[in-house]
Every structure is written in structure tokens, then in C-alpha cells.
Amino acid sequence: MKKRICKNSELELSVLGTGCWAFGGGEYWGQQNQDDVNEVVRASVDNGINYFDTAEAYNDGRSESSLGKAINGIPRDKILVGTKVSPSNCYKKTLVEHCDASLNRLQTDYIDLYMVHWPIHPHSIRHFTTDIHITENPPEISETLEALRFLKQQGKIRNFGVSNFSSTRLLDLPLEEIAVNELPYNLLCRAIEFDTLPLCKEKGIGVIGYMALLQGILADIYSSLGDVPVWQRRTRHFNCKSTEECRHGEEGAEKETNTALYGIRRICKETGFSMAEISIKWILENSAITCTLVGSRNREELEANVKAVSTPLSKEIKAELDRITFPLKEKLGNHFDYYESAENDRTK
């Protein structure tokens with residue numbers, strides 16, 4: 001398992017990281033057996049994966065608690081733990097309290113990477129709280145940074161970063177202090193390539209990609225877009241009329257998405273790689289991506305994902321995949337909040 005360095009910090013992450021959102025079980029992903037979690041975490045370490053990513057918001061803290069149980073007994077210097085604080089909890093005192101709560105759930109003395117989950121502004125915060133006092137008086141980024149520096153000085157966190165921050169939001173920060181920006185990135189979600197990814201690369205900010213398989217669509221488990229469960233049909237790829245759960249209000253890009261998937265399937269047939277393998281390999285061909293997260297519900301899924309790292313894509317196949325998915329990239333535009341309209345993009 002290769003590793004890549006985040007230049008603004010000492011962090012050296014495995015190119016494949018274990019996403020822990022499903023850990024602990026919850027409404028979105030359903031039940032998750034703790035024995036399977038334990039096995040996934042240990043198999044991750046056995047396969048050279050050193051980064052584990054969670055958040056206080058995942059399953060109301062149960063993801064952190066589940067990961068904490070799973071890493072118990074594993075030498076701490078063999079793993080890097082990243083978690084995220086919700087933007088509604090980024091007042092100085094509140095952030096420190098929430099970091100302590102995450103430490104308790106994770107059963108660890110320090111967090112290797114502590115991130116602000118979404119940009120700090122009212123529209124973003126409304127997705128985490130209904131408290132009008134908070135939405136009308138959001139935390140100041142200056143006090144958030146003060147709290148993060150304080151936690152770092154105390155040794156409770158070793159590095160801090162952000163998640164879902166576009167280039168415009170990043171420019172409000174002391175970029176030399178930001179270790180990582182966690183961003184959505186896959187063959188069907190390429191918006192960060194416009195300006196956010198180049199800025200991160202220029203300023204030494206590591207990039208952790210999430211949504212590598214677009215919640216199963218790029219694992220080729222659905223024969224058509226119509227087979228995708230309605231709850232997972234909320235992104236801007238889909239016409240908003242296809243599910244009441246959708247909030248972006250746009251016509252979507254189903255034609256371009258279907259065309260891209262058809263082309264990807266053709267390449268899979270020609271190469272013998274599964275769509276999941278092709279998708280992960282394509283991400284890792286981008287040197288600006290430090291690590292890409294994959295969620296695995298059991299050891300078998302993990303080992304299938306690890307298999308993708310063994311051999312790289314040829315330059316010709318990479319270029320063909322770029323070409324196939326370019327019209328979709330252009331259709332969706334420079335907006336990587338895939339659940340909101342371009343006008344309501346929370347990352348801006």
C-alpha cells in the first residue's frame with residue numbers, strides 16, 4: 001500500500017483510507033455489526049491502510065464509538081484517526097468540548113486529523129441544527145482557528161483541516177496551517193478539478209477524497225439509474241422529480257450520467273477490471289489526491305477494494321475515462337455540493 005504526504009504537515013496517509021460512516025449503524029446505512037467493524041479495521045491495518053475517517057455527526061457519534069472499540073488493542077502508531085466537528089459546534093468553547101467528547105468516544109488520547117466538517121455559514125449550519133440562535137449568529141472562523149490551535153498546543157489534536165471547503169472558502173484561511181481538505185471525488189463527480197483541487201495542490205494542502213464509488217453507483221450494483229434507491233437519488237446527477245427527498249430542484253444530468261456509465265462499462269469489459277476497481281484506480285492516478293476513502297461493510301468488501309491498488313491504470317485508459325466523463329463534468333459545473341442547487345452550494 002503506497003503512502004502520500006500532506007505537505008503542510010507530517011501526515012503520511014495510505015492512498016486508500018477506510019471510511020467509517022456506516023460504523024455503529026444508523027438510519028442512512030442500516031445496521032452494522034460490530035464484529036464486522038472489528039474485522040474490517042484489523043484487515044485494513046493488515047493490508048497497509050493506516051487512515052480511518054469518521055465524524056461526530058455520523059450516526060450521532062456511534063461511528064466514533066464503534067471505531068474506538070475496533071482500534072482498541074492496535075498499536076496507536078500504526079493508525080491515523082481523522083474525525084470532524086460540525087460547523088454548528090465551532091464556537092471556541094463548544095469546539096473544545098466537542099473535541100473532548102470525540103476523544104472519549106474514540107478511546108484515544110489524541111486525534112491525528114481534526115476537521116471542520118462543512119464551511120461555517122448559516123446555510124451550511126442549518127443541516128446540523130435547528131437552533132435559530134446558532135444559525136443567526138454562526139461562529140466566527142477566527143474563534144474556530146483559535147480553538148483548533150489551542151487543541152493542537154494541548155496535544156489533543158496533531159493536525160487540523162477542513163472538509164467541503166471550495167477555493168473561495170479556503171482563501172479565508174491561513175492555508176499553511178491547513179493539513180487537509182476532504183472533498184467528494186470520483187469519475188462522476190469531478191467538480192473539484194476546476195479550481196479547488198489545483199489550489200490545494202499549490203498550497204500544500206492534502207486532499208482526502210470521499211464518495212469514491214458514489215454510494216454504489218460506481219460499484220455497478222445497479223443496472224440502471226432507475227434502480228438506484230430513492231434516498232441515494234438525491235444528487236444533481238438525477239432529475240429532482242425522481243424522488244421527494246431531493247432538494248436541489250434541478251433537471252439533473254441523467255443523460256450525461258448514463259452515457260458516462262455506458263463508456264465506463266465498455267472499458268471494464270475491455271480490461272477485465274470491475275467498475276469499482278476502475279473507479280478507484282482512476283482516482284489514484286491523480287497525484288493531487290493524497291488518499292481516497294472507501295467504505296467496507298465486511299472483510300470481503302475491503303479486500304475487493306484493496307485489490308484495486310495493486311496495479312495502476314495505463315495513461316491511455318486514464319485519458320479515455322477522462323474523455324468519457326468530461327461532458328458530465330461540464331454539465332454539473334464548478335459546484336461540488338451535489339445535494340444542493342448551484343445557487344445554494346454550501347461549499348461556496
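Every number in this text was worked out from the coordinates using simple rules, so none of it is lab data. This structure is a prediction, so every number in the text was calculated from the model and none was measured. Backbone-built Cβ (ideal geometry, glycine too); neighbour counts: all protein chains shown.
Each of Ser223, Ser86 has some number of other Cβ atoms within 10 Å of its Cβ, and from fewest to most they run Ser223, Ser86.
Taking Ala288, Ala253, Ala55 as the candidate residues, the one with maximal mean-square fluctuation in a Gaussian network model of the chain, Cα springs under 10 Å, is Ala253. Shown for Met115, Met211, Met1, Met275: other C-beta atoms within 10 Å of each C-beta, ranked fewest to most, produce the order Met1, Met275, Met211, Met115. For the stretch 108-118, the Karplus equation 6.51 cos²θ - 1.76 cosθ + 1.60, evaluated at θ = phi - 60°, returns couplings of 9, 8, 8, 10, 6, 9, 10, 10, 7, 5, 9 Hz by residue, with Gly and Pro reported as x.
Max-minus-min Cα coordinates of the stretch 1-97 on each principal axis give 36, 36, 23 Å, with the largest extent listed first.
Over all pairs of different C-alpha atoms in the stretch 214-348, the reciprocal of the mean inverse distance, the Kirkwood hydrodynamic radius, equals 16.0 Å.
Taken about its Cα centre, the stretch 89-176 carries a charge dipole of about 160 debye when Lys and Arg each add +1 at the Cβ and Asp and Glu each add -1 at the Cβ. Measure up Lys93/Lys329; Lys3/Lys329; Lys203/Lys255; Lys2/Lys69; Lys69/Lys318 against 32 Å on the Cα-Cα distance and list the ones that go over. As for pairs spanning more than 32 Å Cα to Cα, those are Lys93/Lys329; Lys203/Lys255; Lys69/Lys318.
Between the stretch 31-74 and the stretch 160-232, the alpha-carbon centres lie 22 Å apart. Farthest toward the positive end of the dipole of the stretch 233-348, out of Ile267, His237, Leu332, is the Cα of Ile267, where the dipole comes from beta carbon charges about the Cα centre.
3J(HN,Hα) along the stretch 197-213, derived from phi through the Karplus expression 6.51 cos²θ - 1.76 cosθ + 1.60 where θ = phi - 60°, amounts to 5, x, 5, 4, 5, 5, 9, x, 8, x, 10, 9, x, 10, 6, 4, 10 Hz, with x in place of Gly and Pro. Work out which helices of the chain, taken as complete DSSP H runs, extend at least 24 Å along their axis over the Cα atoms and score a mean Kyte-Doolittle of -1.0 or more, then list them. What comes out of the filter, once short or polar helices are dropped, is 254-271, 315-332. Projecting the Cα atoms of Asn89, Ala55, Pro139 onto the dipole axis of the stretch 54-152, where Lys and Arg carry +1 and Asp and Glu carry -1 at the beta carbon, places Ala55 farthest toward the positive end. Which whole-number percent is the relative contact order of the chain (Cα, under 8 Å, 6+ apart)? Averaging sequence separation for qualifying contacts and normalising by length gives 19 percent for the chain. Share of antiparallel DSSP beta bridges in the chain, in percent to the nearest 5? The antiparallel proportion sits near 15 percent.
Each of Thr144, Thr292, Thr271 was scored by other Cβ atoms within 10 Å of its Cβ. Arranged with the fewest first, they read Thr271, Thr144, Thr292.
Here the stretch 98-214 carries DSSP beta bridges of which approximately 10% are antiparallel, counting only pairs with both residues inside. For the stretch 165-238, relative contact order (Cα pairs under 8 Å, six or more residues apart, normalised by length) works out to 30 percent. Across the stretch 1-142, the relative contact order, built from alpha-carbon pairs under 8 Å that are at least six residues apart, equals 20 percent.
For the stretch 197-238, the equivalent ellipsoid built from the Cα gyration tensor has semi-axes of 30, 11, 8 Å, listed from largest to smallest.
Shown here: the chain, whose C-alpha atoms stretch 54, 45, 40 Å along the first, second and third principal axes, sorted largest to smallest. Applying 1/(1 + (r/R0)^6) with r as the Cβ-Cβ distance of Lys7 and Phe326 and R0 = 25 angstrom yields a FRET efficiency of 0.30.
Basic side chains Lys and Arg get +1 at the Cβ, acidic Asp and Glu get -1 at the Cβ, and with that the dipole of the chain about its Cα centre reaches some 600 debye. Annotation: amide H-H contacts under 5 Å for Leu16 (H modelled 1.01 Å from N, sequence separation of 5 or more, or interchain): Thr292.
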